[in-house]
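A.B. asks: Could you have a look at this structure, given as structure tokens, before my questions?
A short reminder: the numbers here are calculations on the coordinates, not readings from a lab. Everything quoted here is computed from the prediction, not taken from an experiment. With ideal geometry, Cβ positions are generated from the backbone for all residues, glycine too; neighbour counts draw on all protein chains shown.
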Amino acid sequence: MKKNEDINAIVGEYQYGFKTDVKNVVDSGKGLREDVVRSISHFKNEPEWMLNFRLKAFHQFMSMPLPSFGPDLSFLNFDDYTYYIKSSKGVEKDWDKVPGAIKDTFDKLGIPEAEKKFLAGVSTQFESEVVYHNTIKELEELGVLFCDTDTALKKYPELFKEYFGKVVPYTDNKFAALNSCVWSGGSFIYVPKGVKVEKPLQSYFRINSKQMGQFERTLIIVDEGASVHYVEGCTAPIYSEDSLHAAIVEIYVKEGGYCRYSTVQNWSNNIVNLVTKRAYCEKNATMEWIDGNVGSMVNMKYPACILAGEGAKGTTISIAFASKGQYQDTGAKMIHLAPNTSSTIISKSICRGGGKVNYRGTVKQAKEAYNARSHVECDTIILDDISSSDTIPFNFVQNQKARIEHEATVSKVSDEQLFYLMSRGIPANDALQMIVMGFIEPFARELPMEYAVELNQLIKLEMTNAIG
Amino acid sequence: MELVIKNLHAQIDGKEILKGIDLTIKTGEMHAIMGPNGTGKSTLSAVIMGNPKYIVTEGSITLDGEDVLSMTVDERSRKGIFLAMQYPNEITGITNSDFIKAALQARMKEGEHVSLFKFIKQMDQAVQDLKMNPDLPHRYINEGFSGGEKKRNEILQMKMLKPHFAILDEIDSGLDVDALKVVGENINAMRSDSFASLIITHYQRLLDYINTTHVHIMVNGRIVRSGGKELITKIDNEGYDWIKAELGIVDNEASKKQAIILGSCAVNKGAK
């Protein structure tokens, strides 16, 4: 019961937003200019090649148009954001040495408690820099590298350079370019050949400074026959001004490797979240994206798998929940480039209170992708008359021997189902919650238990007073 | 306890289905309602439970003097009214176990919780009593159930929730002979001073297993005859024509034809 109360407390407080005062050590000021990019690289004491990478990305960003699809982003004023803030010195491994105010924030999130139970390693990102990081001994013994991305650049320069920016080049899209020029923080994981990490690796992070952008960069390399499950969770305090979040997650799964990346994202409803997530899968590699999107004002995210090697497998299971004032434009991409590759997309969308939720997906089966198979399932429930949803699938099949199955349903919660649950004594709002929880169950069952519980609480919060 | 229905009128889509029902059910009694198709038996059960599809235009339903019609559906359930539905819904992603637990929890006082140990024991027992598949608690509500399984699941819920007034709407349809026996015996086993049921059925067979105390015949939205078990036998032997004849009821052929005409939109007799 203790755990539930903790989560209630977190979610309860989250409703109003909570912020802990922390003194910023370094602050790049508002706006994005070449000198800001240079100074970020300088603050971080980076090698020349990274500075050059950032500068190229900066020019790319300046010259690239906004995406031509999805939500209108023309309201974004890039001069209004702060691109780099450092709030505590260096990276600390010992929880006791983490500054009190920051610790307080994480205590509210229940992280130490969570760590005891499920966490194999915690890397908690605070503002732009990872302030607390603890890799347990067994990981080190296995030869698994797990640290924040800035540290990885310094500690493992060759490995880093080999993979960084390869799966998602800075030219990919405007927000990939933005991230590439100002990135800071994020997680770096390398799992050596044949090593199977049993426990999920986790990281929590929050945005906690007024109008600051967060541009973390995650790079995961799973070597041949290795496996890892990485769990990312976000909750954020609420502010009245817009906040911009543009992250990149790059994953490289080598032959026979396995990677699962789970996210329950709960940005507060003023955040613009534009994330590029992509995995490159070699022969017989498996990549699974478990992607939960609750909250944020505008969210664009389409986790992708490039199935480059024969027999590679990609899966995306996602939910998106749009409430009042929210626009969720999410989906998945599966690019089949080799024979016998297979992919599955299961997308569950919910909207209420005037929210808009779209599924936007791409499945491409190239000429070489003989016997490629893809299964796409998109289900939507619309909880009232003022909310809306579109399903926008793009399917490209370039050879005769490939197969795509696509199923889509859109429904309203049926009065008969509500009546049925209520006729057993369950109050209307609880009944509606149950139906929604049932609807997203295929997603929830993929989550570690703690996250499933938290998701449950978040959905309940989103559903408060959904009836009447 | 006492459920009293007085002069109940109800309609759906502007069409009056119940045309003045009077019925009193006391705990300890087992009532059966029989009658031809389309006379409003299912409507009566839905209205007692509070299905929002139906609109009550006149009359009252009270439970020990309390106005039932002003209660929400879930309140009615918590007061002890139960409806076993003719076509139970399928709901994906929620297990039967979680569903019934939530229903029991809704009956608890604040701060009280369903004892998990007791719950599992009771659930297992109920599954056994109804000769259902032991994996039932972990399956989603009625999803992929056969017609018979769905009906048994309704009875299982009744056993778990222990209502005072259980309305069973054609619980026997879709049941094979063996299942009918199991269901009938389980209903009969509910008999107690704090339980009453209103069984809606077309056939005598289910009632063979249930010690019925009152039998009502419903025709055209009214209860036209009430009595004891002897009515069941008579209907089973002779059907409903005798009672229609006695009451001078002629099947309204005109209205049936009209329904067909309504289906073809080219005709609009009322326009001129």
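A.B. asks: Give me the extension gain from A:THR464 to A:MET449: residue separation times 0.36 nm, minus the current Cα-Cα distance, reported in nm with one decimal.
C.D. replies: 3.1 nm
A.B. asks: Helix B:147-161 sits at what angle to the longest principal axis of chain B, using alpha carbons and giving 0 to 90 degrees rounded to 10?
C.D. replies: Its long axis makes an angle of about 60 degrees.
A.B. asks: Based on the Kirkwood radius over alpha-carbon pairs, what is the Stokes-Einstein translational diffusion coefficient of chain B at 10 °C with 1.306 mPa s viscosity, in µm²/s?
C.D. replies: 80 µm²/s
A.B. asks: Which residue, chosen from B:ALA106, B:PRO134, B:ILE55, occupies the Cα position most advanced towards the positive end of the dipole of the stretch B:1-135, where the dipole is computed from +1 (Lys, Arg) and -1 (Asp, Glu) charges on Cβ about the Cα centre?
C.D. replies: Result: B:PRO134, furthest along the dipole toward the positive end.
A.B. asks: Based on alpha-carbon centroids, what's the gap between the stretch B:3-29 and the stretch B:53-106 in Å, whole number please?
C.D. replies: That distance is 16 Å.
A.B. asks: Taking a temperature of 20 °C and a viscosity of 1.002 mPa s, what whole-number D in µm²/s does Stokes-Einstein yield for the stretch B:61-158 with Rh from Kirkwood over alpha carbon pairs?
C.D. replies: After rounding, the answer is 146 µm²/s.
A.B. asks: Let me ask you something else. Of the candidates B:ILE210, B:ILE12, B:ILE223, which one comes out as most mobile in a Gaussian network treatment of chain B with C-alpha springs shorter than 10 Å?
C.D. replies: B:ILE12
A.B. asks: Hey, any idea what the orientation-averaged projected area of the convex hull of the stretch A:364-468's Cα atoms comes to, in nm²?
C.D. replies: 9.0 nm²
A.B. asks: Give me P(r) over the stretch A:415-468, computed from all C-alpha to C-alpha distances, binned every 10 Å, as integer percentages.
C.D. replies: 25, 48, 25, 2
A.B. asks: Still on this model: Determine which aspartates and glutamates satisfy two conditions relative to A:LYS155: a Cα distance under 13 Å, and not lying fewer than 8 residues away in the same chain.
C.D. replies: Result set, ordered by chain and number: A:GLU46.
A.B. asks: Would you pull out the residues with amide H under 5 Å of A:ASN293's amide H, same chain only if 5 or more places away, H placed 1.01 Å from N?
C.D. replies: Excluding prolines and chain starts, which carry no amide H, the hits are A:GLN265, A:ILE319, A:ALA320, A:PHE321.
A.B. asks: May I pose another question? Give me the distance between the Cα centres of the stretch A:306-377 and the stretch B:130-152, rounded to whole Å.
C.D. replies: Taking the Cα centre of each part, the stretch A:306-377 and the stretch B:130-152 sit 33 Å apart.
A.B. asks: On a 0 to 90 degree scale, rounded to 10, what angle separates helix B:116-129 from the longest Cα axis of chain B?
C.D. replies: Once rounded, the angle reads 50 degrees.
A.B. asks: Would you mind checking the pairs A:LYS44/A:LYS283; B:LYS15/B:LYS159; B:LYS41/B:LYS150; B:LYS131/B:LYS234; A:LYS460/B:LYS53 and listing those with alpha carbons more than 30 angstrom apart?
C.D. replies: Long pairs (Cα-Cα over 30 Å): A:LYS44/A:LYS283; B:LYS15/B:LYS159; B:LYS131/B:LYS234.
A.B. asks: Given only helices, namely DSSP H runs of n ≥ 4 each adding -39500 (n - 2.57), what is the per-residue ellipticity at 222 nm of chain B, to the nearest 500 deg cm²/dmol?
C.D. replies: For chain B, the value works out to -10500 deg cm²/dmol.
A.B. asks: Still on this model: Running Debye on the stretch A:228-331 with equal point scatterers at the Cα sites and no solvent, what base-10 log of I(q)/I(0) appears at q = 0.21, 0.22 Å⁻¹?
C.D. replies: Calculated log10 I(q)/I(0) at the listed q: -0.98, -1.05.
A.B. asks: Also, quick follow-up: Straight-line reach from A:LYS412: which aspartates and glutamates have Cα under 12 Å away, leaving out those fewer than 8 places along the same chain?
C.D. replies: Candidates past the 8-residue exclusion: A:ASP379, A:ASP384, A:ASP385.
A.B. asks: Additional query: Give the long-range amide H neighbours of B:ILE21: residues separated by 5 or more places, or on another chain, with amide H under 5 Å away, using H modelled in the peptide plane at 1.01 Å from N.
C.D. replies: For B:ILE21, whose amide H was placed from the backbone, the distant partners under 5 Å are B:ASN7, B:LEU8, B:HIS9.
A.B. asks: Label points 7 Å out from Cα along the Cβ direction at A:ASP384 and A:LEU66: separation in nm?
C.D. replies: Distance between the two pseudo-spin positions: 2.7 nm.
A.B. asks: Moving to a separate point now. About its Cα centre, what dipole magnitude does chain B give when the only charges are +1 on Lys and Arg Cβ and -1 on Asp and Glu Cβ, stated in debye to the nearest 20?
C.D. replies: 340 debye
A.B. asks: Quick check on the stretch A:310-390: what are the equivalent-ellipsoid semi-axes from the Cα gyration tensor, as sqrt(5λ), descending, whole Å?
C.D. replies: 32, 9, 8
A.B. asks: For the stretch A:245-285 and the stretch B:166-203, what is the centre-to-centre distance using only Cα atoms, to the nearest Å?
C.D. replies: 54 Å
A.B. asks: While we're looking at this one, here's another question. Expressed as a rounded percentage, what relative contact order does chain B have, with Cα pairs under 8 Å and six or more residues apart?
C.D. replies: 26 percent
A.B. asks: Within 10 Å of each Cβ of B:91-103, how many other protein chain Cβ atoms are there on average?
C.D. replies: The mean count of partner-chain Cβ atoms within 10 Å per residue comes to 5.
A.B. asks: Work out the length of the dipole vector of the stretch A:256-376 about its Cα centre, built from +1 on the beta-carbon of each Lys and Arg and -1 on the beta-carbon of each Asp and Glu, and round it to the nearest 20 debye.
C.D. replies: With Lys and Arg at +1 and Asp and Glu at -1, about 260 debye.
A.B. asks: Can you list, largest first and rounded to whole Å, the semi-axes you get for the stretch A:249-292 by taking the square root of 5 times each eigenvalue of its Cα gyration tensor?
C.D. replies: Sorted largest first and rounded, they come to 27, 10, 5 Å.
A.B. asks: What would the Debye formula give as log10 I(q)/I(0) at q = 0.20 Å⁻¹ for the alpha-carbon point model of the stretch B:99-224, no solvent?
C.D. replies: Debye curve over Cα of the stretch B:99-224, log10 I(q)/I(0) at q = 0.20 Å⁻¹: -1.22.
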